[in-house]
Amino acid sequence: MWSTRSRMRINEHEDRVYLANEFGRPFVKVLAIPLKRRAIASESSGEAPATLFFEHALPDDKIDKFLSFISERLQPLSIALDRILLEYHLKWTSVQWEGTFDGIKDPIAIVDIDFMVVRANRHFALKPSSERAYEFSCHKVFANSELICRGCPVALALETGEPQRAQVRRGTRVYDVLSYPIRLNDDHVSTNVINHYVDITSSRELHGRMIQSEKMAAVGLLAGNIAHELNNPLTGIRSLAQVLMAEVPTAGTLREDIVEVEKAAERSQKIIENLLGFSKGESDQKQVLISLNEIVRRTLPMLKTAMREHRSEILLSDAEPTVKVEPHLMQQVVFNLVN
């Protein structure tokens with residue numbers, strides 16, 4: 001096709017068709033003169049050569065004279081075109097490069113040895129600003145802080161010349177920072193660092209919930225193993241206390257003490273029962289109709305330690321609202337809300 005040929009062409013059909021399609025009108029006579037592009041494009045690169053088109057009405061015996069005239073002026077025109085295309089190519093490469101980085105959702109920045117931002121994508125800045133990010137330090141732009149982020153791996157990456165990894169905070173978010181040292185000169189010394197920030201807040205929260213679930217599973221296993229061992233002596237204590245209450249006078253401090261012992265044993269058994277119900281797995285219980293107040297009453301004894309340093313006031317509804325749920329799951333909801 002004409003677009004990949006570099007020879008001079010006179011009144012060729014393909015050229016006339018091309019121009020007619022581009023300009024929407026017919027072309028009768030056309031001279032096509034390819035221009036040499038030294039800087040960025042050539043036939044070997046596979047790019048189409050720049051072509052200068054002349055629409056003319058010259059007779060055939062005048063064409064050679066015109067070509068001789070125009071050939072003397074092609075070199076400066078080619079140089080000017082070369083510079084224009086080179087500037088366009090560099091600008092397009094820069095736009096493409098920035099667009100690639102801006103398309104990455106993770107914050108990315110190139111910083112120098114003074115922690116000043118050299119280049120950054122649009123997700124790096126804490127807040128959009130009309131000011132250029134490279135006028136400020138990375139910790140100022142990223143975290144709005146005058147101090148270097150705690151745990152920042154940039155200094156260590158520059159010192160060792162090896163990639164480093166650390167975690168830093170930006171407000172309530174936690175980021176895993178990967179710092180890659182680079183060299184922008186011929187020396188074997190790192191001059192800049194590429195920082196890649198990965199938001200790990202959600203994964204940390206998920207990890208925390210997994211740990212909490214493992215703790216609850218461990219509590220359930222522990223409760224199941226010790227419940228029998230504790231229930232037996234507690235049952236004996238309650239039985240003996242009830243026997244003693246029948247033998248001692250109804251009035252007196254001794255009977256009051258025995259009553260307190262029996263109540264304490266009963267309360268201990270109730271706590272163990274609640275703990276077992278709280279820690280049961282999904283296969284152990286089905287959905288039942290139960291009062292929310294009862295759920296709260298079962299759960300609060302297991303939160304005495306957590307609530308010890310707080311002043312608490314418990315107000316339960318007189319209406320005893322009921323829901324159809326798996327009691328142990330609802331207990332876990334109350335436990336997590338309070339804890």
**Prompt:** Out of curiosity, is I10 surrounded by 10 or more Cβ atoms within 10 Å (Cβ to Cβ), at pLDDT below 90 and touching a strand residue (DSSP E or B) at 6+ places or on another chain (Cβ under 9 Å)?
**Reply:** yes
**Asked** How many residues are without any contact (Cβ under 8 Å) to a residue 24 or more places away in the chain and closer than 30 Å to F136 by Cβ if we restrict to segment 55-109?
**Response** 17
**Message:** Given the criterion closer than 30 Å to V174 by Cα, of a type in the set (V, I, T) and in contact with a helix residue (DSSP H, G or I) (Cβ under 8 Å, 6 or more places away or on another chain), identify the matching residue among V193, V261, V248, V288.
**Reply:** V193
**Prompt:** Across segment 149-170, what is the total count of residues that are in a loop (DSSP other than H, G, I, E, B), within 21 Å of T201 (Cβ to Cβ) and either in contact with a helix residue (DSSP H, G or I) (Cβ under 8 Å, 6 or more places away or on another chain) or at pLDDT 95 or above (or both)?
**Reply:** 2
**Single match in I295, I272 (criterion: within 19 Å of A223 (Cα to Cα), β-branched (V, I, T) and touching a residue at least 40 places away in the same chain (Cβ under 8 Å))** = I272
**Request:** Answer yes if at least one residue in segment 234-250 is touching a residue at least 12 places away in the same chain (Cβ under 8 Å), assigned by TED's automatic domain parsing to the domain that holds V111, surrounded by fewer than 16 Cβ atoms within 10 Å (Cβ to Cβ) and hydroxyl-bearing (S, T, Y), and no otherwise.
**Result:** no
**Prompt:** Is there any pair with a first residue in segment 10-36 that is on the phi < 0 side of the Ramachandran plot and in the same structural domain as K62 (by TED's automatic domain parsing) and a second that is surrounded by fewer than 10 Cβ atoms within 10 Å (Cβ to Cβ) and outside any helix (DSSP H, G or I) whose Cβ atoms are under 6 Å apart and which are 6 or more apart or on different chains, and what are they?
**Reply:** A20/P26
**Request:** Within segment 175-213, track down each residue that is among the aliphatic types (A, V, I, L, M), in contact with a strand residue (DSSP E or B) (Cβ under 9 Å, 6 or more places away or on another chain) and in a loop (DSSP other than H, G, I, E, B).
**Result:** L184, I200
**Request:** Mind listing just one residue for me: the one in segment 27-67 that is of a type in the set (K, R) and under 29 Å from E87 (Cα atoms) and, of those, modelled with the highest pLDDT?
**Result:** K36
**Request:** Give segment 171-190 a look and list any residue that's touching a Leu at 6+ places or on another chain (Cβ under 9 Å) and modelled with pLDDT of 90 or more, or say none.
**Result:** S179, P181
**Fill in**
In segment 189-217, anything exposed (fewer than 11 other Cβ atoms within 10 Å of the Cβ) and among the acidic types (D, E) is listed as E214
**Request:** Answer with yes or no whether T191 is of a type in the set (S, T, Y) and closer than 19 Å to A109 by Cα.
**Result:** yes
**Message:** Suppose the filter is surrounded by 15 or more Cβ atoms within 10 Å (Cβ to Cβ) and either outside the structural domain of I211 (by TED's automatic domain parsing) or farther than 28 Å from E205 by Cα (or both); does V325 pass it?
**Reply:** yes
**Fill in**
In the set Q269, Q287, the lone residue that is among the polar types (S, T, N, Q) and in the same structural domain as V333 (by TED's automatic domain parsing) is Q287
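The values are calculated or read from the model by the stated rules, or taken from the named source; none is laboratory data. Worth saying up front: this structure is predicted, and the values here are computed from it rather than measured. Backbone-built Cβ (ideal geometry, glycine too); neighbour counts: all protein chains shown.
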